[in-house]
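The values are calculated or read from the model by the stated rules, or taken from the named source; none is laboratory data. Computed from a prediction, not measured in an experiment: that's the story for all the values here. Note that we place each Cβ from the backbone using ideal geometry, even for glycine, and neighbour counts take in every protein chain shown. The protein model used for the area step is the full one, side chains on, heavy atoms only, and it has no ligands, DNA or RNA in it. Shrake-Rupley method; radii C 1.70, N 1.55, O 1.52, S 1.80 Å.
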Amino acid sequence: MRRGTNLPRVGGFNQMVVLDQIRRADGVSRVELAASTGLALQTISNIVSRLLDQRLVVEGERRIEGRGKPRTMLHLDPQGAYALGVHVDPVVVTAVLVDLDGGVVERQSIETPVGPDAVVEAVADAVSVMLEAATVERDAVLGLGVAAPGPIDLASGRVIHPPLLEGWLDVPLRDALAAATGFDVILEKDVSAAMTAELWRGNRMLTGTSLFFYTGFGVAAAIAHDGELFAGTSRNAGEIGHLIVDSDGPLCWCGQRGCIGASAAPATIVGEAVVRGSLDPRTPQRTPRELDAALTAVCVSAAGGDEVASDVLRTAARRVARGITVVADLVDAGVVVLGGPSWERLAPTFVPVVRAELAEHATLREMHAVEVLGSAVGESVGAVGAASRVLDDAFTPRPSGLVGGPRRR
């Protein structure tokens with residue numbers, strides 16, 4: 001829990017501390033805020049007055065707790081600010097407008113155009129459509145977050161060489177989107193954005209160490225400790241694609257067998273389903289969209305009782321589960337959350353397999369159980385995470401902010 005300080009010249013940090021406490025509580029009084037933050041009651045009153053003036057919080061019900069006057073509960077005002085988020089995926093570009101609570105107000109999905117210029121143009125159009133549909137003024141929007149496959153260069157805002165995105169090589173995506181939309185843009189790696197969405201939306205990953213495992217056309221992991229994302233030296237932490245999970249597994253482009261990225265790839269799952277006769281060999285597989293549709297067909301067959309399709313998915317799940325177990329042991333995770341574009345289709349097979357693997361083979365299983373959960377945000381977790389990254393940048397208190405200069409409003 002973040003504590004404030006009564007020293008001078010840290011009003012911005014203290015305001016973020018108080019706002020963070022309010023948004024995580026189901027109603028909280030000024031007295032309770034003083035107790036939880038360590039700030040003087042007068043300081044709390046001054047900060048709350050500013051937050052009320054800025055329309056970031058609202059006063060709600062009055063509660064009687066013991067003797068004395070009833071206490072007025074404070075709540076976050078979801079309409080106090082908004083953020084835009086975009087997730088660039090090989091199959092679909094998802095754009096969202098979220099409120100201050102991280103709730104999705106508007107959503108647009110576009111089949112991913114070929115080339116970065118076309119993607120930038122499509123995103124700019126989607127932003128305009130969402131703001132008009134929601135009747136949200138541009139001044140109420142804090143910025144635009146964009147989640148993209150890694151690796152990315154955060155300093156220059158460039159996407160280096162994302163897999164399966166045709167024509168993408170060292171693309172200055174941050175600046176291109178800023179010019180096209182007129183908003184400040186934050187670029188983030190897709191799995192890190194997804195973890196930010198989970199942290200912003202709930203309390204289940206705010207204590208201890210948590211792991212987010214991303215499933216899509218690639219796999220990646222994000223780690224958080226006590227609600228803080230571990231980003232790494234260049235903010236590209238979580239590249240686990242070449243972790244070997246099956247020495248006899250599928251051949252990876254790196255030359256090794258059984259890398260977790262190759263083991264969980266839609267192309268591998270679809271290919272094994274074709275070889276084993278569960279999927280028609282004539283099924284189109286050339287483009288990311290065709291592969292995604294073929295993966296859906298395998299999942300539908302498994303749900304319909306096709307034992308071959310079910311076994312193909314279980315094999316992939318066991319390989320993934322071994323990798324998750326290794327990483328969970330490495331960081332001593334107490335919670336593992338799985339999500340991403342492919343997750344809802346894979347969940348019925350993957351959840352029981354991952355839970356069993358952790359329960360039976362995790363080195364630290366005698367110390368504590370590892371909770372395995374699906375994303376609380378859903379299939380738009382990348383886009384919501386990108387928007388949450390904007391909210392997080394504006395409102396989450398960090399001690400480094402005391403010496404790093406003011407943040408954007």
Fill in: Checklist (1) open to solvent by 20 Å² or more (accessible area, probe 1.4 Å); (2) over 18 Å from Thr315 (Cα atoms); (3) modelled with pLDDT of 90 or more applied to Ser234, failing item
(3)
Worksheet entry | Qualifying residue in the stretch 164-176 (condition: of a type in the set (D, E, K, R), assigned to a helix (DSSP H, G or I) and open to solvent by 30 Å² or more (accessible area, probe 1.4 Å)) | yes
Worksheet entry | Residue list for the stretch 177-235, restricted to those being out of contact with any Lys or Arg (no Cβ under 9 Å at 6 or more places or on another chain), among the charged types (D, E, K, R) and over 19 Å from Gly339 (Cβ atoms) | Asp226
Worksheet, complete the sentence: Within the stretch 324-349, residues open to solvent by less than 30 Å² (accessible area, probe 1.4 Å), in a helix (DSSP H, G or I) and either charged (D, E, K, R) or within 12 Å of Leu373 (Cβ to Cβ) (or both) come out as Trp343, Ala347
Worksheet entry | All positions within the stretch 371-390 that are of a type outside the set (S, T, N, Q), at pLDDT 90 or above and closer than 24 Å to Gly80 by Cβ | Val381, Ala383, Val384, Gly385, Ala386, Ala387, Arg389, Val390
Discussion item. So Thr268 passes all but one of these: (1) open to solvent by less than 60 Å² (accessible area, probe 1.4 Å); (2) part of a loop (DSSP other than H, G, I, E, B); (3) of a type outside the set (A, V, I, L, M). Which condition number does it fail?
Written reply: (2)
Worksheet item: Which members of the stretch 276-314 meet the condition of being β-branched (Val, Ile, Thr) and over 30 Å from Thr112 (Cα atoms)?
Response: Val308
Worksheet item: Which ones in the stretch 110-123 are surrounded by fewer than 17 Cβ atoms within 10 Å (Cβ to Cβ) and either hydroxyl-bearing (Ser, Thr, Tyr) or not in a loop (DSSP other than H, G, I, E, B) (or both)?
Response: Ile110, Glu111, Asp117, Ala118, Glu121
Discussion item. Looking at the structure I just gave you, is Arg389 open to solvent by 20 Å² or more (accessible area, probe 1.4 Å) and either more than 30 Å from Asp20 (Cα to Cα) or of a type outside the set (D, E, K, R) (or both)?
Written reply: no
Worksheet, complete the sentence: Flagged in the stretch 276-294 as within 10 Å of Val91 (Cα to Cα) and among the charged types (D, E, K, R), in numbering order, are Arg289, Glu290, Asp292
Worksheet entry | Single residue of the stretch 209-229 satisfying the filter (at pLDDT below 90 and either in contact with a Cys (Cβ under 9 Å, 6 or more places away or on another chain) or small (Gly, Ala, Ser) (or both)) that is farthest from Thr296 (Cα to Cα) | Gly227
Worksheet item: Just for the stretch 274-311: of the residues that are over 14 Å from Arg345 (Cα atoms) and within 30 Å of the chain's Cα centre (by Cα), which one is modelled with the highest pLDDT?
Response: Asp311
Practice prompt. Report, ordered by the first and then the second residue, all pairs with beta carbons closer than 8 Å, sequence separation of six or more or different chains, a first member in the stretch 81-107 that is aromatic (Phe, Trp, Tyr), and a second member that is in a loop (DSSP other than H, G, I, E, B).
Written response: Tyr82/Leu100; Tyr82/Val136
Worksheet entry | Residue that is among the hydrophobic types (A, V, I, L, M, F, W, C) and surrounded by 15 or more Cβ atoms within 10 Å (Cβ to Cβ), where the choices are Ala356, Ala293 | Ala293
Worksheet entry | Filter result for Pro352 (farther than 11 Å from Gly374 by Cα and without any contact (Cβ under 8 Å) to a residue 24 or more places away in the chain) | yes
Worksheet item: Just one of Phe213, Phe183 is of a type outside the set (Val, Ile, Thr), touching a residue at least 60 places away in the same chain (Cβ under 8 Å), open to solvent by less than 30 Å² (accessible area, probe 1.4 Å) and not in a loop (DSSP other than H, G, I, E, B); which is it?
Response: Phe213
